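Enquirer: One structure, as structure tokens, below. Some questions next.
The values are calculated or read from the model by the stated rules, or taken from the named source; none is laboratory data. What you see is a predicted model; the values in this text were computed from it and never measured. Backbone-built Cβ (ideal geometry, glycine too); neighbour counts: all protein chains shown. For the accessible areas, the whole protein counts, side chains as well, though only heavy atoms, and no ligand, DNA or RNA atoms are used. Shrake-Rupley method; radii C 1.70, N 1.55, O 1.52, S 1.80 Å.
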Amino acid sequence: MRVGSVASRPMARPSFRSPKGTRDILPGEAERQRALVNTFADSARKAGFGHVITPMFEELGVFKRLGESTDVVTKEMYDFVAKDNNRYALRPELTASVVRAFVQHRPQIPWKVWYEGPQFRYERPQAGRYRQFSQIGVEALGTDDPSLDADVIALGWNFYSQLGLNEVTLMVNSLGDPTCRPAYLEALTRYFETRRSQLSEQSQHTLLVNPLRVLDSKREQDQSIIDEAPVMVDHLSDETAEHFGGVRRLLDRMEIPYEISPRLVRGLDYYTRTTFEFASHALEGSQNAVGGGGRYDSLASDLGGPDTPGIGFALGVDRILLACDAEGVFDAPSSLVDVFLIDVTGGDEAAMISQALMVSGIACDRAYDARSMRAQFRAADKSGAAFAVIIGEDEVENGQATIRSLRGDDREQTTVATHLLTEELHKRLSTT
Ligand code: HAM
């Protein structure tokens, strides 16, 4: 179809837009996202994590384990009754799904897996907070060795450095375990109860369902009360304190800088012992968490499996890319293709050459609709390709093609026999 025939039709008003809180990620930015995921996949694989893919929806009960008093469960879940009359939810995160898969398949431990993909939370959208967003992450089940905690944290830390991000900080905390947390919760509840009337209305409600979660309030009114509240790290049992000490000692030895953040409680209820969060100071305060994780030693048994400790993290892809923008690092790949074909003889030659180049592993593109030579050159420049291959009447007659460099000041041209073109391009591309 000629481009002109599309332009001559009356333009229909676009009536549909992507749903609120979701985005279309277009070529360029989508390639950048893919490159980021590939970089992570490579690091995770080198650290011994296998790739796992679980469904994007699960039975609602799987996610109820995130905590009956968390916003994720009470307000943000995309749940629905399907045609089989079962109640499902689009996954708001992947830890519960991965642990469900662990319980279902009972793989050998330690089971170390990495994942990527979209998550869904019905949140109030704003910059860096979406209703569909992407995470990359790892989970490791089967041991509570503190050196696994340090390894997992180090994997996250190293990933940000690898991207070139300098303004990420790490906060760690221990949330205790079932032996010491109940006594702490009692002390915390007692403390908040004596100040109940000074707390915001929302926090007064949270106090009734989960006093720990009050520490997570970002409301101005609650801050001075939260600042004075008792903290878990002062109430750890000897065993839990030793575990936390082990994690910190290893982080020190790995020279990973961190801050102990005793009020870090995270937004999900399954955490025990080590918890951590990565924040980017290049981003707006309220959306500056670029990743987080921790131990969830009871989640496998809560989901009906054997008592199996676990730890992991998830990093927010969308926010990491915003942090990369803010720090001016990890640019979008500058081009999708290596070669752009310019054919002024109608297009058949370019079709044949493009087929041969692609089979040989050279990424290439070309213009359609028998555009003018000028228009094709413009498209070639825009494509970001390193080389143009020009096919004119003379070239076709002599069984040749002309290679022209598209980068740098020196746009040198060479004509080569068509049967040597692929080899010549491979040679040149290996030196660019
Ligand atoms: P999370 O803290 O809820 O943890 O999410 C991890 C990261 O996902 C956040 O730090 C943030 O970068 C990103 N994120 C969360 N919500 C949004 C949103 N609405 N828009 C954009 N980005 C968002 C978890 O999901 C746990 N599953 C982490 C984990 C793994 N814990 C143990 N293993």
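Enquirer: Looking at 264, 251, which is the one that is farther than 18 Å from residue 212 by Cβ and of a type in the set (A, V, I, L, M, F, W, C)?
Expert: On the way: 264 fails: farther than 18 Å from residue 212 by Cβ.
Unique residue meeting the criteria: 251.
Enquirer: How many residues does the stretch 38-61 contain that are within 16 Å of residue 139 (Cα to Cα) and either in contact (Cβ under 8 Å) with a residue 60 or more places away in the chain or of a type in the set (Ser, Thr, Tyr) (or both)?
Expert: Final tally of qualifying residues: 13.
Enquirer: Here's another thing I want to ask about it. Based on this model, can you work out whether residue 333 counts as more than 14 Å from the chain's Cα centre (by Cα) and either in the same structural domain as residue 148 (by TED's automatic domain parsing) or within 7 Å of the ligand (Cβ to nearest atom) (or both)? Walk me through it before giving the result.
Expert: On the way: more than 14 Å from the chain's Cα centre (by Cα): yes; either in the same structural domain as residue 148 (by TED's automatic domain parsing) or within 7 Å of the ligand (Cβ to nearest atom) (or both): no.
In short, no.
Conditions (1) in the same structural domain as residue 71 (by TED's automatic domain parsing); (2) among the hydrophobic types (A, V, I, L, M, F, W, C); (3) within 24 Å of the chain's Cα centre (by Cα), marked per residue:
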site: 225; (1), (2), (3): no, yes, no
site: 249; (1), (2), (3): yes, no, no
site: 265; (1), (2), (3): yes, yes, yes
site: 278; (1), (2), (3): yes, yes, yes
site: 293; (1), (2), (3): yes, no, yes
site: 306; (1), (2), (3): yes, no, no
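Enquirer: Any idea which residue in the stretch 113-138 is nearest to the ligand (Cβ to nearest atom), counting only those that are touching a strand residue (DSSP E or B) at 6+ places or on another chain (Cβ under 9 Å) and aromatic (Phe, Trp, Tyr)? Spell out how you get there, then give the answer.
Expert: Within the stretch 113-138, the first condition is being touching a strand residue (DSSP E or B) at 6+ places or on another chain (Cβ under 9 Å), and the residues that meet it are 113-121, 123, 128, 131-138.
If we keep only those that are aromatic (Phe, Trp, Tyr) too, we end up with 114-115, 120, 133.
Details: 114: 11, 115: 9, 120: 9, 133: 3 Å.
Among those residues, the one meeting the criterion is 133.
Enquirer: Return the residues of the stretch 87-107 that are in a loop (DSSP other than H, G, I, E, B), open to solvent by 30 Å² or more (accessible area, probe 1.4 Å) and in contact (Cβ under 8 Å) with a residue 24 or more places away in the chain; say none if nothing qualifies.
Expert: Keep residues of the stretch 87-107 that are in a loop (DSSP other than H, G, I, E, B), which gives 91-94, 106-107.
Still in the list and also open to solvent by 30 Å² or more (accessible area, probe 1.4 Å): 106-107.
Residue satisfying the conditions is 106 alone.
Enquirer: Could you check how many residues of the stretch 41-86 are open to solvent by 70 Å² or more (accessible area, probe 1.4 Å) and outside any loop (DSSP other than H, G, I, E, B)?
Expert: Qualifying residue count, the stretch 41-86: 10.
Enquirer: State which residue is farthest from the ligand (Cβ to nearest atom) when the search covers only the stretch 262-282 and only residues that are open to solvent by 10 Å² or more (accessible area, probe 1.4 Å), in contact with a strand residue (DSSP E or B) (Cβ under 7 Å, 6 or more places away or on another chain) and closer than 25 Å to residue 327 by Cα.
Expert: Among those that are open to solvent by 10 Å² or more (accessible area, probe 1.4 Å), in contact with a strand residue (DSSP E or B) (Cβ under 7 Å, 6 or more places away or on another chain) and closer than 25 Å to residue 327 by Cα, it is 281.
Enquirer: What pairs come out if I take residues in the stretch 119-131 that are aliphatic (A, V, I, L, M) and pair them with residues that are within 8 Å of the ligand (Cβ to nearest atom) whose C-beta lies under 8 Å away, six or more apart or interchain?
Expert: 127/287
Enquirer: Any idea which of 289, 323, 300, 314 is near the ligand (Cβ under 6 Å from one of its atoms) and either of a type in the set (S, T, N, Q) or in contact with a Leu (Cβ under 7 Å, 6 or more places away or on another chain) (or both)?
Expert: Values: 289 fails: either of a type in the set (S, T, N, Q) or in contact with a Leu (Cβ under 7 Å, 6 or more places away or on another chain) (or both); 323 fails: near the ligand (Cβ under 6 Å from one of its atoms); 300 fails: near the ligand (Cβ under 6 Å from one of its atoms).
Just a single option satisfies the conditions, and that option is 314.
Enquirer: Additional query: With respect to residue 250, determine if the residue is touching a residue at least 40 places away in the same chain (Cβ under 8 Å), out of contact with any Leu (no Cβ under 9 Å at 6 or more places or on another chain) and of a type outside the set (Asp, Glu). Steps first, answer last, please.
Expert: Values: touching a residue at least 40 places away in the same chain (Cβ under 8 Å): yes; out of contact with any Leu (no Cβ under 9 Å at 6 or more places or on another chain): yes; of a type outside the set (Asp, Glu): yes.
Against the criterion (touching a residue at least 40 places away in the same chain (Cβ under 8 Å), out of contact with any Leu (no Cβ under 9 Å at 6 or more places or on another chain) and of a type outside the set (Asp, Glu)), residue 250 qualifies.
Enquirer: Further question on the same structure: Might you check whether a residue that is within 10 Å of the ligand (Cβ to nearest atom), open to solvent by 60 Å² or more (accessible area, probe 1.4 Å) and assigned by TED's automatic domain parsing to the domain that holds residue 292 occurs anywhere in the stretch 161-182?
Expert: Applying the first criterion (within 10 Å of the ligand (Cβ to nearest atom)) to the stretch 161-182 yields none.
No, because not a single residue in the stretch 161-182 is within 10 Å of the ligand (Cβ to nearest atom), open to solvent by 60 Å² or more (accessible area, probe 1.4 Å) and assigned by TED's automatic domain parsing to the domain that holds residue 292.
Enquirer: Quick one: would you say residue 152 is hydrophobic (A, V, I, L, M, F, W, C), in a strand (DSSP E or B) and within 16 Å of the ligand (Cβ to nearest atom)? Don't jump to the end; show me each part of the working.
Expert: On the way: hydrophobic (A, V, I, L, M, F, W, C): yes; in a strand (DSSP E or B): no; within 16 Å of the ligand (Cβ to nearest atom): yes.
So residue 152 fails the test.
Enquirer: Next question. Looking only at the stretch 139-149, how many residues end up being outside any loop (DSSP other than H, G, I, E, B), more than 7 Å from the ligand (Cβ to nearest atom) and crowded, with 17+ Cβ neighbours inside 10 Å?
Expert: Our first condition is that a residue be outside any loop (DSSP other than H, G, I, E, B); within the stretch 139-149, this holds for 139-141, 146-149.
If we keep only those that are more than 7 Å from the ligand (Cβ to nearest atom) too, we end up with 140-141, 146-149.
From the residues that got through so far, the ones that are crowded, with 17+ Cβ neighbours inside 10 Å too are 140-141, 146, 148-149.
The number of residues fulfilling the criteria is 5.
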